[in-house]
Amino acid sequence: MKELTIGLLIISDTAAADHATDRAIDTLTAVVAEANAEIHNNTYEWLIEERRIVPDEKDQIQEKVKDWCDNKRLSLVVTTGGTGFAKRDVTPEAVGELLDKTASGLVHGMLAASLKITPFAIMSRPVAGVRNETVVITLPGSPKGAKENLESIIKLLPHACIQAAGGDSRVLHSGGIKKLEKEAGVAASSSSVTAQGQHDHHSHLDQSGGIASDDAAAVGGCGHHHGHGHHAPKPRTQQQQQPAGLLSNELSGDVTRRHRSSPYPMITVKEAQELIAKNIPPPAVVSKAVDANLVGYILAEDVSARESVPAFRASIVDGYAVVHTDGTGVYPVVAVSHAAPGDIKPLEPGQIARITTGAPLPPGATAVVMVEDTSIAKTTEDGKEEMEVEILASGLGEMENVREVGSDVKAGEFVLRAGAELTAVGGEVGLLASVGTETVKVYKKPIVGVLSTGDEVVEHNRPGALSLGEIRDSNRPTLMAAIQARGFEYVDLGIAKDQPGTLEDVIKDALSKVDVIITTGGVSMGEKDFLKPTIERAFEGTIHFGRVAMKPGKPTTFATIPVDSTSKPIFSLPGNPASASVTFHLFVLPALRQLQGYIGNQVHLPKALVTVEKEIRLDARPEYHRVSVKIDKAGGLVASSTGGQRSSRIGSMEAANALLCLPALTEVGDKRTHIPRGDKVEALLIGDLKVDI
Ligand SMILES: Nc1nc2c(c(=O)[nH]1)N[C@H]1C(S)=C(S)[C@@H](COP(=O)(O)OP(=O)(O)OC[C@H]3O[C@@H](n4cnc5c(N)ncnc54)[C@H](O)[C@@H]3O)O[C@H]1N2
Ligand code: MOO
Ligand SMILES: [Mg+2]
């Protein structure tokens, strides 16, 4: 959460003479508090740091404004008063001289808002601008006018302040603009991307007198956080504007208005993975019983032993407990200690006790002799019980064949540390069980919603033949299988039609049920590819990336949607089945593992160097070639291609247990077009290794 600091400067001869007459401070403090209450994405908060009252004296006004901008470096200076035509009204002159940049958009906005309420607003002479890294605005003196003016622009000011301070207001922007547009009552389209994938930054008043969202864009910087235009902005015509409340051109479905080049920068796989790691919310912690269901969780606390193991001195062998200094000879068997709870009689020197493996040592005994190192000397009359046994072993050490109390684990000692993986091997569960741990705190495994999109997509088991253009849904079953096999719970979100409203409803419902959403389809350049605009506009989500330099998987999109005080990740994978599956392993799985409590490089699947069985052609993009890797007879790893690698061919994932990480043609310095047979290449292991039979 960023703090945006405010200085309130009340400029009034009357209030300066008698502070009790001032009402502006309270009024504006309330406006700021209200603005804070409406901040929805937790990214910033206003904080009033300075409140001062000065008379209408240029020097005094300038002294405060300079101090707050130059020394205190506040985000925003708000003055009230002195903006009229009276002789003593000098605020615009005092402040105007200090500004490095003027902000006519803010002035227009404030005037437009006031003019809607009173024609007398024309008598106000506000100035606004930036000094150093501080935004300065001048409000009228009347508390009512000041309130109306500040309210009309306060939601736009964070963008201005952050930008003025040299920061990046994209986070605010991506979430905020839609809201601002709604509130300003202007066409949602007017701040959106133009047909050229660009944003217009023209400052103007809209016809209703409200602040056109172009002003919002002008204040907040480019319209999308990812915006990076290559074309000169084109001014929009009046006809292109839509009435308030309509969907933006991106969602309108007008094919003529879709992007003709992707507005998303093409980033590398590594950059994409880093952006995911950075934007995944922190994992939640839950309490779980120690049992078989603990497998796959990561411990969220250090666990110490409640008890020692063993909890008593125990024999390591079946034989006779002795006093080790007694030496060889025949001794009476005075007691029996079985591995069972109960009292045991103490042992005196010159006596022995029969004992089994794991049974407690009688008090006084100092070693155990294996039954193999003894012979029977005397039995009871019926021959059924031992009376005397000869100890044949000599030179016994103290505590020989005895496990001391706590020699495996001492009470109070850490048995597992936070971050430990509770593996399928079961060792960690066993360790926790051995020291009496009943429950442990672990990181919650995320629940994953899986949605297919596309008018052409039908359930895979829909009876009957396909109609022209239909395709069976293979992405959802593939992803749900992979999610479940990796130990996560999934929620089947079904198939959504290519309609913005439908997508919105389904995603809204999903956000209440799952921690992560995966969608497939609808993320490329088609006129029905509505996912990205829906995420941004309907959910105020932030698209962290929308294109990755890789094959398959180029249009892979990762976004987060603000939900309550946190955010939920949404992965919009390409519709092509091989693309969806490959990008799941490269991007989604690491995110799920991070949410599950893995950290750093642990979130990624392991890589190994494998030998390619046949030469492989390189592509213009870095390619993730599906292969089947076997451990050969010599223990080496050998990769064979799964065949045709077209993104639509889900068969390329059949029997694939690794993705060869092939460089792009352009990355290969020596102009090779192929990886020759026998070369070693790095491969991401997505499944169990196979053995050569
Ligand atoms: N002009 C351009 N066209 C395309 C580009 C591009 O850069 N410029 N990128 C291509 C690449 S690369 C890919 S990958 C695809 C991705 O497209 P989308 O994510 O928008 O997906 P759709 O268009 O909805 O579908 C693509 C393909 O996949 C089939 N599909 C969709 N869902 C499923 C499913 N659940 N099960 C099985 N098959 C599915 C769909 O019918 C299409 O055939 O865009 C290229 N175009
Ligand atoms: O990138 Mo797409 O996933 O090639 O087919
Ligand atoms: Mg498409």
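Each value in this text was obtained by applying a stated rule to the coordinates, not by laboratory testing. Model, not experiment: these values are computed from the prediction. Cβ coordinates were reconstructed from backbone atoms using ideal geometry, including for glycine residues, and neighbour counts include every protein chain displayed.
Summary table
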read-out	value
Longest to shortest principal axis, alpha-carbon extents of the range 314-403, angstrom	35, 31, 22
Cα gyration tensor shape for the range 607-691, rounded if a/c is under 1.5, else prolate or oblate	oblate
Cα gyration tensor shape for the range 314-470, rounded if a/c is under 1.5, else prolate or oblate	prolate
Dipole magnitude of the range 314-403 about its Cα centre (Cβ charges: Lys, Arg +1; Asp, Glu -1), debye to nearest 20	220 debye
For LYS528, net neighbour charge (Lys/Arg +1, Asp/Glu -1) across residues whose Cβ lies under 9 Å away	-4
If the convex hull is drawn through the Cα atoms of the range 480-617, its volume per residue in Å³	137 Å³
The range 33-161 shape via C-alpha gyration tensor axes, a/c threshold 1.5	oblate
Farthest positive-ward along the chain dipole, Cα basis, beta-carbon charges - from LEU665, HIS544, VAL415	LEU665
Residue order, fewest to most beta carbons within 10 Å, for ASP318, ASP632	ASP632, ASP318
Relative contact order, percent, the range 314-403 [alpha-carbon distance under 8 Å, six or more residues apart]	39 percent
Protection proxy ranking, peptides 583-591, 340-348, average beta carbon neighbours within 10 Å, highest first	583-591, 340-348
Overall dimensions of the range 1-95 as given by Cα atoms, namely Rg and Dmax in Å	14.2, 45
Inter-site label distance for ASP13 and VAL285 at 7 Å from Cα along Cβ, in nm	6.3 nm
Highest-first arrangement of 508-519, 378-389, 14-25, where packing means the average Cβ count within 10 Å	508-519, 14-25, 378-389
Average projection area in nm² (convex hull over Cα atoms of the range 100-144, one quarter of hull surface)	3.2 nm²
C-alpha center-to-center spacing [the range 266-334, the range 546-582] in angstrom	38 Å
Segment VAL336-ALA33, length gained on full extension (0.36 nm per residue, minus Cα span)	101.1 nm
Rg(Cα)/(2.2 N^0.38 Å) for the chain, N = residue count	1.39
Estimated [θ] at 222 nm from DSSP helical runs (n ≥ 4, -39500 (n - 2.57)) normalised by residues in the chain, nearest 500	-6000 deg cm²/dmol
Label-point separation in nm, LYS101 to LYS513, each point 7 Å along Cα→Cβ	4.7 nm
Two-decimal log10 I(q)/I(0) for the range 430-482, as the Debye equation yields it once each C-alpha is a single scatterer, q = 0.27, 0.29 Å⁻¹	-1.06, -1.14
The chain, dipole about Cα centre (Lys/Arg Cβ +1, Asp/Glu Cβ -1), debye to the nearest 20	2920 debye
